[in-house]
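Trainee: I have a structure I would like to understand better, so I am pasting it below and will then ask my questions one at a time.
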Amino acid sequence: MDEQACPRCKTTKYRNPSLKLMVNVCGHALCDSCVDLLFLKGSGSCPDCGVPLRRSNFRVQIFEDPFVEKEMDIRRRVMRDYNLKEEDFANLQDYNNYLEEVERIVYNLTNNIEIVSTNQSIDRFKRENKDLIAKNRIRSGREEIILEELLEEEKLLVESRKRAIAHEEMLEKKKKMRSKEALIDELMFSEQSAASIVETFKKRKLEEQEELERHREPSPPPLVAATQFSTGIKFSQRIPKDGFLPVPKADDTPLFKYEPLVLTRNGPSAPTWEEVTEKKYINHVRESSVGERAGGYLPQLACLRALEEAFDGLRTVAVARWTGQVA
Amino acid sequence: MRLDIEGLIVHFPYEYIYPEQYSYMVELKRAIDAKGHCLLEMPSGTGKTVSLLALIVAYMRQYPSELCKLVYCSRTVPEIEKVLEELRRLLQYYEEQFKEKIPITGVVLSSRKNLCIHKDVRQEKDGKIVDGRCHNLTASHVRERHLTDDSVPVCTYFEDFEDYGNESYLEPGVYTLDDLKSYGAKKGWCPYFIARHAVSYANIVVYSYHYLLDPKIAEIVSKDIPKNSVVVFDEAHNIDNVCIDSMSVKITKRIIERASANLLDLAKTIRHMKEVGPRRLTEEYQRMVDGLRETQQARETDMVLANPVLPDQILQEAIPGNIRDAEHFVGFLRRFVEYLKIRLRVQFVVQESPAGFLKDIMQKVCIDRKPLRFAAERLASLLKTLEIADQTDFSALVVVSHLATLVSTYTKGFIIIVEPFEDKTPNIPNPILHFRCLDASIAVKPIFDRFQTVVITSGTLSPLDMYPKILDFQPKVMTSFSMTLARPCLLPMIVSKGNDQVAISSKFESREDQSVVRNYGQLLVEIVKIVPDGVVCFFTSYLYLESVVAAWYDQGIVTTLQRHKLLFIETQDPAETSLALLNYIKACERGRGAILLSVARGKVSEGVDFDHHLGRAVVMIGIPYVYTQSRILKARLEYLRDTFQIRENDFLTFDAMRHAAQCVGRAIRGKTDYGIMIFADKRFSSEDKRSKLPRWIQEYLTDNLVNLSTEESIQCAKRWLKQMAQPFTREDQLGISLLTLEQLQKEGVENIQQKARQKIK
């Protein structure tokens, strides 16, 4: 890594720390000052292999190995067209064959084998799959989506952790301040000796800490970004393999069935709605006003409720007292 | 002794038994009955190994259908040998009892280096070279060539084993490394392959952790172990670190350079082969098209241990088309290596998740996730096809391919950190790419899932509840046993201040403080004066050790120390350290007395025992926290908090205390042994640190031994040493810490159980 050197002027990274190696399509490196010198006119031939080059095609070398640099260049170009995803194939075997085909093309182009026929096959492929290629340029594959989601989740996790820590710290700070103030107040106004006050405060603080330790809740699991509805449908419109949305999950929990409430009264049963009026209980309750009736209030309601309350649990009390005596 | 443990008849090879051994067996039996995992802490030197073996052998005999195999994993070769010795004694006892040979085979498996008997190869010192040379002699294509051309050398031991030994089985009995070697020499078979073969049928297998935990090796060695086996991890207090290391990859500049060279070699070999005879390459290519079905078939029967490096998903699919062809694959790896080179050319530290890495690699060099996942498998196949026997040359490339597979397989629980230089030397560029596992449970998960009982045991596992959390499993039994003692043979003390009342601590702010350093020196001088024979002193790091010793030298403490004992120091060089250790032992044996300054987490603290006079006192200077500024540690702490709700401080304290316990535990290796344990740091006296010590230490760490000054601690030690110097016979122990069969029956099970785990106040 340190022994990077320009093949032409032999300058090394050690002698010139700002040395930048550039490469062009042929994959041979040159330092930037040599590029300036040789390609003054904008075009020329590579000093290594003599291939005519344009100056505008020079770019900074990323990889140490110029061969890999060249391969990557070609690979990027090929991948722009060969961008089919696993979902576009009927079965895995076809997909694997396709992958190998891509690999073979890249290999041939980088090693200068059968360039003409390879380029022809690329063109043929482009023609045949024009629509699919255009479509795939805008969408991303399944694996990439999973990765994106993971990254998003991690980001959220880091954020929530940061927030939790900040929150905890703030609380602790506040508490400390408060107890300090309380201690000073106590020292100022209390009659006890200062030593004992300090002692009790120290003890209380320790106790509080222990309490805190004991009740410390495990931090809640980090929020996971909501990417789907509860039915399992994704938020974003991604077209799955077969072009349809996934079948919504069938909800097979049983339907709600009403069952009348059974009350255990533990006492004599209260009069019914009719009896309240028949037996004149109602007379002891205030008549409802117009406004109240508008809201659906009837005097029977209050009357019934009062009666029920009076009767409820009459027997329970007796039992409870009896057991109490025994104990 | 014939014991009845909850209905199971156990033959115990000694006349006496410790109460805690009895309870240990009871707990272990319950765990095996429940077919669950268990976590057992019992002090070293109280006979863990023999209780374990006695119970499991008895269980295997009584219920052979429930339990058919014991896999015992230990850390070092001497420990493994010790296990086998215990097993031999146990089986001898059985023989005496039943007057016949019992059909149990115990076998050890170790590296080729320890087992090879080939006259040239075994001369090699380096394990890797032995492996490589062995491959050279035993690879299938080498042997094929040997058939037509006699000048190609092969290993006769291996040949004979292949011809005759493959079908035969070892006689029942125990086979140590030496036994295997002499057996191999007698028969003319290779001991290593005898052992490898024996792993599949032996009842008891003893080997190192790595054969089970390291996915790369486990696949080859441990795949045939049936489900109804018991797996024991002994000395397992560091198991999480072993797990993490086995799943992590470190890429340095050197590895990258060697990988590039490897790739050139590969390309050349492929070209050569294409010219000479492309048959093998086309055959391989055809295999690639058909997929990795062979391996899948093996896994379907559930006989193969699920390998975390090679997820199931891979096996179901064929190799992706773009790396099917050998030349394409080499180009693919070349791009990957170039990409790693770019990543290593950083100026500042980069931290990234696997997902981010994958996205970047897609953009920079157009490598998809899927082919990356197959890289390791594809490379292995290619190396096999190209008939490259000595794969040690290609180790760099293999490492790179492992990185590729791991990074694309796991998106959670891993992190990538690229550091342009080491923290200590920020001016020397030394870029390293760490691909680090943060979750210890990933590597052990297949083991917990697969085997019915996994026993994790050690002398220091406190606090117990941390291990189920970080290893992510549900133990059925989780117990810590104490040590029943007839006399208080350990004296733990926490010294928190010097004679001048200055608090002593190794915390960062007071590291440079001369008075603290002087007080540490004073403490050591006083101890050296009163303690006979060997004293071991542990520091928190090499750096701290050096600075303290330098200061002591100036203060004249070193000369005072040397007036009483010889001084030895552990260094980072293993050869130097073992020499120092040798001389330390010599000085103790001669009665001259010696002091060894060493480092927690170093070689001495992990593997060397200082029993009896070799270690009468251990001083732990400071709390051995890990270097908390390391980015890898920070990432792991964050992960632990987010995933397992373990707070940073809890984990750091846990880790520091287990190492402290490990250090001081070196001194007591049995019930007749005795030793002083001094924790010299103010912070040890706080409750949260103390409570994390193992139970057997805590029990003797009473309140009057906490927060002492140097002088007070010396007074305690003097009194105690006089008490310890009294003659001590077996009769003193009988009935209290040592039981005969009658006592055992008389005392009743409940009592014994209680004795073994007295409650700590």
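Trainee: Buried accessible area between B and A (1.4 Å probe, both chains summed, ligands and nucleic acids excluded), in Å² to the nearest 100? Each step should come with its number before you reach the end.
Mentor: Details: alone 32690 and 26170 Å², together 55190 Å².
Separately minus together, B and A give about 3700 Å² buried.
Trainee: In deg cm²/dmol, rounded to 500, what helix-only [θ] at 222 nm does the protein assembly as shown give when every DSSP H run of at least 4 residues adds -39500 (n - 2.57) and the total is split over its residues? Working shown, then result.
Mentor: Numbers: 47 runs with 556 residues, N = 1088.
Counting only the DSSP helices, I get -16000 deg cm²/dmol.
Trainee: Taking the simple approach of a point 7 Å from Cα along Cα-to-Cβ for both B:Phe348 and A:Lys175, what is their distance in nm?
Mentor: 3.5 nm
Trainee: Would you mind checking the pairs B:Lys119/B:Lys384; B:Lys268/B:Lys359; A:Lys13/A:Lys70; A:Lys130/B:Lys370; B:Lys253/B:Lys412; B:Lys223/B:Lys370 and listing those with alpha carbons more than 24 angstrom apart? Show your work: numbers first, answer last.
Mentor: Numbers: B:Lys119/B:Lys384 27 Å; B:Lys268/B:Lys359 32 Å; A:Lys13/A:Lys70 22 Å; A:Lys130/B:Lys370 26 Å; B:Lys253/B:Lys412 26 Å; B:Lys223/B:Lys370 26 Å.
Among B:Lys119/B:Lys384; B:Lys268/B:Lys359; A:Lys13/A:Lys70; A:Lys130/B:Lys370; B:Lys253/B:Lys412; B:Lys223/B:Lys370, the Cα-Cα distance tops 24 Å for B:Lys119/B:Lys384; B:Lys268/B:Lys359; A:Lys130/B:Lys370; B:Lys253/B:Lys412; B:Lys223/B:Lys370.
Trainee: Now for a different question. Using Cα-only point scatterers and the Debye equation, what is log10 of I(q)/I(0) for the protein assembly as shown at each q in 0.05, 0.06 Å⁻¹, rounded to two decimals?
Mentor: Computed log10 I(q)/I(0) values: -0.48, -0.67.
Trainee: OK, next. Under a crude label model (7 Å from the Cα following the beta-carbon direction), how far is B:Gln723 from B:Arg487 in nanometres?
Mentor: Roughly 1.0 nm, to one decimal.
Trainee: Which lysines have a Cα less than 16 Å from the Cα of A:Lys173, not counting those fewer than 8 places away in the same chain?
Mentor: Output for A:Lys173: A:Lys205.
Trainee: Are there GluC sites (Glu not before Pro) in region B:374-469 that DSSP puts in a loop and that have at most 12 other Cβ atoms within 10 Å, and which ones? Mind showing how you got there, number by number?
Mentor: On the way: sites: B:Glu377, B:Glu387, B:Glu422; in loops: B:Glu387, B:Glu422.
Here the GluC sites (Glu not before Pro) that fit, given the DSSP loop and packing criteria, are B:Glu422.
Trainee: Would you work out if region B:507-582 is rounded, prolate or oblate? Take a ≥ b ≥ c from the square roots of the eigenvalues of the alpha-carbon gyration tensor; rounded if a/c is under 1.5, else prolate when a/b is larger than b/c, oblate otherwise. Write out the running numbers ahead of the final one.
Mentor: Details: a/c = 1.93, a/b = 1.13, b/c = 1.72.
Oblate, since a/c reaches 1.5 and b/c is not below a/b.
Trainee: Please report how far the C-alpha centroid of region B:314-362 lies from that of region B:181-259, rounded to the nearest whole angstrom.
Mentor: 29 Å
Trainee: At most 12 other Cβ atoms within 10 Å and a DSSP loop assignment: could you name the trypsin sites (Lys or Arg not before Pro) in region B:487-589 that fit?
Mentor: Values: sites: B:Lys497, B:Lys507, B:Arg511, B:Arg518, B:Lys529, B:Arg563, B:Lys565, B:Lys586; in loops: B:Lys507, B:Arg511, B:Lys565.
Passing both the DSSP loop test and the Cβ count: no residue.
Trainee: Let me ask you something else. What is the count of Lys pairs in region B:622-761 whose alpha carbons sit under 19 Å apart, if the two are 8 or more places apart or on different chains?
Mentor: Working: B:Lys671/B:Lys722; B:Lys671/B:Lys755; B:Lys682/B:Lys692; B:Lys689/B:Lys759; B:Lys689/B:Lys761; B:Lys692/B:Lys759; B:Lys692/B:Lys761; B:Lys746/B:Lys755.
Here the count comes out as 8.
Trainee: Sticking with this one: At a Cα cut-off below 26 Å, give the lysines reachable from A:Lys257, other chains included and same-chain residues fewer than 8 away excluded.
Mentor: A:Lys249
Trainee: Per 0.36 nm of contour for each residue apart, how much would the distance between B:Asn499 and B:Tyr63 grow if the chain were fully extended, relative to their Cα-Cα spacing?
Mentor: 150.7 nm
Trainee: Moving on to the next point. Report the extension gain between A:Thr12 and A:Lys257 in nm, rounded to one decimal, defined as 0.36 nm multiplied by the number of residues separating them, less their alpha carbon distance.
Mentor: On the way: separation 245, 0.36 × 245 = 88.20 nm, distance 8.38 nm.
Residue separation times 0.36 nm, minus the Cα-Cα distance, leaves 79.8 nm.
Trainee: Treating the angle as unsigned and between 0 and 90°, give the value, to the nearest 10°, between the Cα long axis of helix B:395-409 and the longest Cα principal axis of chain B.
Mentor: Taking the Cα atoms of chain B, the angle to B:395-409 is about 90 degrees.
Trainee: Per residue of B:212-221, how many C-beta atoms from partner chains lie within 10 Å of its own C-beta, taken as a mean?
Mentor: Working: counts 0, 0, 0, 0, 0, 0, 0, 0, 0, 0.
Going residue by residue through B:212-221 and averaging, the value is 0.
Trainee: Could you calculate the FRET efficiency of B:Lys746 with A:Lys203 from 1/(1 + (r/R0)^6), where r is the beta carbon distance between them and R0 is 60 Å, rounded to 0.05? Please report the intermediate quantities before stating the final value.
Mentor: Numbers: r = 49 Å, r/R0 = 0.81.
So the FRET efficiency works out to roughly 0.80.
Trainee: Cα axis of helix B:514-530 to longest principal axis of chain B: angle in degrees, 0 to 90, nearest 10?
Mentor: With both axes taken from Cα atoms, the answer is about 70 degrees.
The values are calculated or read from the model by the stated rules, or taken from the named source; none is laboratory data. Please read these numbers as outputs of a predicted model, since none were measured by experiment. Every residue, glycine among them, receives a Cβ derived from its backbone with ideal geometry; neighbour counts consider all protein chains shown. Ligands, DNA and RNA are excluded from the accessible area calculation, which covers all protein heavy atoms including side chains. Shrake-Rupley method; radii C 1.70, N 1.55, O 1.52, S 1.80 Å.
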